[in-house]
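Read the structure below first, then the notes.
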Amino acid sequence: MSSHRHRHRHLHVVVVVVLLLSLFVSSSHTFSPYEESQIRTFQSYLQLPTPHPNPNYTPSVSFLTSVAQSLNLTIQTLEFVPNKPLLLLTWPGLSPHLPSLLLNSHLDSVPAEPRLWSHPPFSAHRDPSTGRIFARGAQDDKSISIQYLESIRNLKLSNFRPLRSVHLSFVPDEEIGAADGMARFVPSEHFKNLNVGFVLDEGQASEGEDFRVFYADRSPWSLIVKATGQPGHGSRMFDGSAGENLMECVEAVARFREAQFDLVKAGIKEASEVVSVNLVYLKAGTPSPTGFVMNMQPSEAEAGFDVRFTPTEDPDLLRKRIEEEWAPISKNLTYQLIQKGPIRDKAGRPLVTATNDSNPWWSVFKQAIIASGGKLAKPEILRSTTDARFIRQMGIPTLGFSPMANTPILLHEHNEFLRDSVFLNGIKVYEHIISSLSSFSATAEQ
Ligand SMILES: [Zn+2]
């Protein structure tokens, strides 16, 4: 009898487990018609291709404009460069003199190679069993573009009115350095008139439960070192050949690289918190019909390095290191350092947004994430760069944030996708963020 009851209980457990499992599996089918329409808006936007090298921005801007019209937002289309429109939307605040909130995303995407994709990259195919929506731009960063808008729709439906004005910018050319995009917008009168106090820009997916947040970008530099020296027969040993001089440089760089990399390997620093330097090309030698002349030492040699600089380092120290250790003139080495984008703000401070209580926007942002039921991971420096660096240059606090938890990091990869449930949850997260950040009244003196 007791064994029978035991089996019975066992059966109960099995039934409960099966029920729970079926809940998880079918979770992508349990959305309301309203939520389904928000997912369709996302899919429709993803179906408008904007990959480089020839993004056609017009259909995307038209689409976003029609969404903005349905939300009764103020609409401006700026064009700093022909065929590179920038869409600027505004939800006016009740106290429009207060510093405003700007939500930024970019219109363009990197290219996609269809042969590598399981579904065409601009089909926005939604897998019925997993809820995965496949498209170039699904994570980077068309998700946040639509989440910003749809969270405003939800807030408007709940009769929320912001105290501060909320602006949304949709900018071109982020993926190719933003020379005709954010780099033109930020110094313009249009931007100045927005009186921006705080900005949210794109972040990255998180494989764990926590949302990732980025308070700085690494800055890309290109370093080219040229060596000259006495040419000579390949058989002769002498001091000061171009090849020998360049090797001095490569060895010095390698020592620095190893020391930085060791910090990462030892778990003392994150990969994004050290200065990375990688050899990207070597150029030397005297060409011959079969390759290179092998018995001649050339009079010139050259090496190129990709340097990624963290904003917490002193750029003058690195320049000094290059001049004294990597490319000393005493070794007949000269160098060219091409700095891409700013590394200091207009007041000379590092391009870093404070993630502590000295930044009132941070505190409100953090509270909003908690209120939405989410968790924030330790703030990070982004390994690469985004448009955020141009805004931080103006001294405006800017965080990189895309609410994509439990999601593989697929930006710029094939089969980029975002799950429908993750997309919808992001709308809820932005509801909390936008309502808190637009309604706290303490003036943030930055
Ligand atoms: Zn992006």
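So the values come out like this:
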quantity: First in segment 236-262 and at positive phi, second anywhere and surrounded by fewer than 17 Cβ atoms within 10 Å (Cβ to Cβ) and not aliphatic (A, V, I, L, M), Cβ under 6 Å, 6 or more apart; calculated: 240/230
quantity: Checking residue 341 against (1) at pLDDT below 95; (2) small (Gly, Ala, Ser); (3) farther than 30 Å from residue 184 by Cα, the condition it does not meet; calculated: (3)
quantity: Options 181, 93, 131: the member that is on the phi > 0 side of the Ramachandran plot and at pLDDT 95 or above; calculated: 131
quantity: Segment 203-224: number of residues that are crowded, with 24+ Cβ neighbours inside 10 Å and acidic (Asp, Glu); calculated: 1
quantity: Options 330, 384, 402: the member that is surrounded by fewer than 19 Cβ atoms within 10 Å (Cβ to Cβ), in the same structural domain as residue 195 (by TED's automatic domain parsing) and among the small types (Gly, Ala, Ser); calculated: 384
quantity: Residue 86 vs. criteria modelled with pLDDT of 95 or more, in the same structural domain as residue 180 (by TED's automatic domain parsing), within 16 Å of the ligand (Cβ to nearest atom) and farther than 25 Å from residue 410 by Cβ; calculated: yes
quantity: Unique match (being surrounded by 14 or more Cβ atoms within 10 Å (Cβ to Cβ) and modelled with pLDDT of 95 or more) among 266, 301; calculated: 301
quantity: Criterion violated by residue 178 - all others in (1) away from the ligand (no atom under 16 Å from the Cβ); (2) within 26 Å of residue 80 (Cβ to Cβ) satisfied; calculated: (1)
quantity: Within segment 381-403, tally of residues that are farther than 19 Å from residue 148 by Cα, assigned to a strand (DSSP E or B) and over 9 Å from the mean Cα position of the chain (by Cα); calculated: 1
quantity: Filter result for the condition that a residue is modelled with pLDDT of 95 or more and closer than 30 Å to residue 276 by Cα, over 375, 428; calculated: 375
quantity: Cβ-Cβ under 6 Å pairs, at least 6 apart or on other chains, segment 171-197 side surrounded by fewer than 22 Cβ atoms within 10 Å (Cβ to Cβ), far side modelled with pLDDT under 95 and not in a helix (DSSP H, G or I); calculated: 197/444
quantity: Neighbours by Cβ (under 7 Å, 6+ apart or cross-chain): first from segment 137-155, among the charged types (D, E, K, R) and at pLDDT 95 or above; second more than 16 Å from the ligand (Cβ to nearest atom) and not in a helix (DSSP H, G or I); calculated: 153/71
quantity: Sole residue being within 13 Å of residue 401 (Cβ to Cβ) and among the basic types (Lys, Arg), chosen from 366, 378; calculated: 366
quantity: Segment 333-351: number of residues that are aliphatic (A, V, I, L, M), surrounded by fewer than 18 Cβ atoms within 10 Å (Cβ to Cβ) and under 23 Å from the mean Cα position of the chain (by Cα); calculated: 1
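Residue-wise test of (1) within 16 Å of the ligand (Cβ to nearest atom); (2) not charged (D, E, K, R).
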{"position": "300", "(1), (2)": "no, no"}
{"position": "334", "(1), (2)": "no, yes"}
{"position": "347", "(1), (2)": "no, yes"}
{"position": "351", "(1), (2)": "no, yes"}
{"position": "354", "(1), (2)": "no, yes"}
{"position": "361", "(1), (2)": "no, yes"}
{"position": "383", "(1), (2)": "yes, no"}
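The values are calculated or read from the model by the stated rules, or taken from the named source; none is laboratory data. None of the values given here were measured: they were computed from a predicted structure. As a convention, Cβ positions derive from the backbone with ideal geometry for all residues, glycine included, and neighbour counts pool all protein chains shown.
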